[in-house]
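Student: Starting off with a structure, shown below.
The values are calculated or read from the model by the stated rules, or taken from the named source; none is laboratory data. This one's a predicted model, so the numbers in the text were calculated from it and none came from an experiment. A quick note on method: Cβ atoms are made from the backbone with ideal geometry, for glycine too, and the neighbour counts reach across all protein chains shown.
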Amino acid sequence: MNQKYSPETREKALRMLDEAKPSHPNLMAAVRHVAGLLGMSAETLRVWHRRREVDAGQRPGVSTDVAEENQRLRRENAELRKANEVLKAASVFFAKGTRPALTDMIRFIDEHRDQFGVEFLCRVLRDAVPGFVTSRGYRAAKTRVPSARQLRDELLVPEIRRLHEENYGVYGVRKMHALLRRQGWDVGRDQTARLMVLAGVRGVVRSKKVFTTKSDPTIPQPQDLVKRDFTAPAPRRLWIADITYVATWAGFAYVAFVIDVFSRMIVGWNVASTLKADVLPLQALNMAAFNAAGPLDELVHHADHGSNYLSVVYTDRIVEIGAKPSTGTVGDSYDNALAEAVNGLYKTELIRCRGPWRTVEQVELATLEYVWWWNNSRLHGELGYRTPAEVEAAYYADQESPQPATAGQGTR
């Protein structure tokens, strides 16, 4: 059984050993005699005697001072290694240079307390992370009754994650705020931003536009009937069309859209492996004409100067459905800006987020689902955070009402 002795006891025992050595035949006999009188182990006294000789230079070995210094350095190195492990874990967990939320600090300590200990974690991170909680503050937070805000956050954070995932993971603060309000949650915009940070979600960022239109100056071109005025007083008054592309492992998939300017509804679309007018854009136009819920004699169809849109087969079909063709100026994307914007959102919200794409058929199926979401679920800021389907339904409801309300959507 190990027993700790005071320095005074050690000095007394060594002094008594010095006095007893002359009267004993050897050192160990004197050690056993003195140790027995003091009620201690003979080995303990022998080690004390040996250590004193080393410290005095009478025996080779590491002195007590050097041994204590080495032990201190080993402790410091071990603590520094632990501190580095803590800081490495914290660098991934917390944003650099900002004070983290209390819930994040508590969660970090909970995940690492068994490995490092609460006091050590708080001591190391107080110097590295601005405003990091103390060990006392941590224990107080763990025993504190959850506040109403904390309980509300625990309900809203998983709801925000769910809604964000259901909407292609593209909604930013404005659309997420509008969506939460539509779901019945009484939240503010700043609160939505804070909760999105807690949920670890963010809006998608659009990239730069790549222009792919190939014009043919030898083809007769219709006049520009839009003049960059992308407004419509009612559905089926102005359609805009454009083509974009998607790279797949099997080659390029080309996507054609036809959009009704009044509600921003995608009324026609097609995906094909070719840009031929009778295969790609014509099928999108046919879909739009087939789904039209009324006459098209007041419709203007506006597109860019792509040769497929100016082809005879395409322009004849526009006239056949009763519409008037229109094109903008050459080399100017602003003359078809709304269609360019839809293409950009399609590439940002679907193609780049869900890729890479293997086949044209895979893009086609994904586009089918995306168009349904765009028309029926996606909130459009230009429509007052409504869906295209809601805008058109409200228009027709006003037409059937005895006193139709003035359309609030006429510019997008």
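Student: For the range 355-370, give me each residue that is surrounded by 15 or more Cβ atoms within 10 Å (Cβ to Cβ) and assigned to a helix (DSSP H, G or I).
Tutor: Those that are surrounded by 15 or more Cβ atoms within 10 Å (Cβ to Cβ) and assigned to a helix (DSSP H, G or I): V360, Q362, V363, E364, A366, T367, Y370.
Student: Okay, next question. Going through the range 135-182 one residue at a time, which ones are surrounded by 14 or more Cβ atoms within 10 Å (Cβ to Cβ) and not in a helix (DSSP H, G or I)?
Tutor: N167, Y168, G169, V170, Y171, G172
Student: Another one. Just name the residue that is modelled with the lowest pLDDT out of those in the range 58-105 that are among the polar types (S, T, N, Q) and assigned to a helix (DSSP H, G or I).
Tutor: T64
Student: Return only the number of the condition from (1) in contact (Cβ under 8 Å) with a residue 24 or more places away in the chain; (2) part of a helix (DSSP H, G or I); (3) in contact with a Phe, Trp or Tyr (Cβ under 7 Å, 6 or more places away or on another chain) that F108 does not satisfy.
Tutor: In the conditions (1) in contact (Cβ under 8 Å) with a residue 24 or more places away in the chain; (2) part of a helix (DSSP H, G or I); (3) in contact with a Phe, Trp or Tyr (Cβ under 7 Å, 6 or more places away or on another chain), F108 misses (1) alone.
Student: Another question, then. Quick one: is G131 under 20 Å from T387 (Cβ atoms), of a type outside the set (D, E) and assigned to a loop (DSSP other than H, G, I, E, B)?
Tutor: No; evaluated as a whole, the condition is false for this residue.
Student: Answer yes or no: is there a residue in the range 388-396 that is under 20 Å from K175 (Cβ atoms), surrounded by 16 or more Cβ atoms within 10 Å (Cβ to Cβ), modelled with pLDDT under 95 and touching a Lys or Arg at 6+ places or on another chain (Cβ under 6 Å).
Tutor: no
Student: Looking at V271 and the list (1) touching a Gly at 6+ places or on another chain (Cβ under 8 Å); (2) under 28 Å from R358 (Cβ atoms); (3) surrounded by fewer than 22 Cβ atoms within 10 Å (Cβ to Cβ), which single condition is not satisfied?
Tutor: (1)
For (1) surrounded by fewer than 11 Cβ atoms within 10 Å (Cβ to Cβ); (2) modelled with pLDDT of 85 or more; (3) among the hydrophobic types (A, V, I, L, M, F, W, C), each residue gets a yes or a no:
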| position | (1), (2), (3) |
| --- | --- |
| P7 | yes, yes, no |
| E11 | no, yes, no |
| L14 | no, yes, yes |
| S23 | yes, yes, no |
| L27 | no, yes, yes |
| V34 | no, yes, yes |
| E43 | yes, yes, no |
| R46 | no, yes, no |
| D55 | no, no, no |
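Student: In the set D297, D316, D278, D304, which member is touching a helix residue (DSSP H, G or I) at 6+ places or on another chain (Cβ under 8 Å) and surrounded by fewer than 17 Cβ atoms within 10 Å (Cβ to Cβ)?
Tutor: One residue alone meets the criteria, D278.
Student: Show the residue pairs that are 6+ apart or on different chains and have beta-carbon atoms under 7 Å apart, the first residue being within the range 374-402 and assigned by the TED database to the domain that holds F262 and of a type in the set (K, R), the second being surrounded by 16 or more Cβ atoms within 10 Å (Cβ to Cβ) and outside any loop (DSSP other than H, G, I, E, B).
Tutor: R386/H380
Student: Under 7 Å between Cβ atoms, at least 6 apart or on separate chains: pull out the pairs that start in the range 351-372 with a residue that is at pLDDT 95 or above and end on any residue that is in a helix (DSSP H, G or I) and among the aliphatic types (A, V, I, L, M).
Tutor: Short answer, once both residue conditions are applied: W357/V363; A366/L350; Y370/L350.
Student: Taking the range 186-229 as the search range and keeping residues that are at pLDDT 60 or above and among the hydroxyl-bearing types (S, T, Y), which one is surrounded by the most Cβ atoms within 10 Å (Cβ to Cβ)?
Tutor: T192
Student: Based on this model, can you work out whether S91 counts as in the same structural domain as D127 (by the TED database) and surrounded by 11 or more Cβ atoms within 10 Å (Cβ to Cβ)?
Tutor: The answer is yes for S91.
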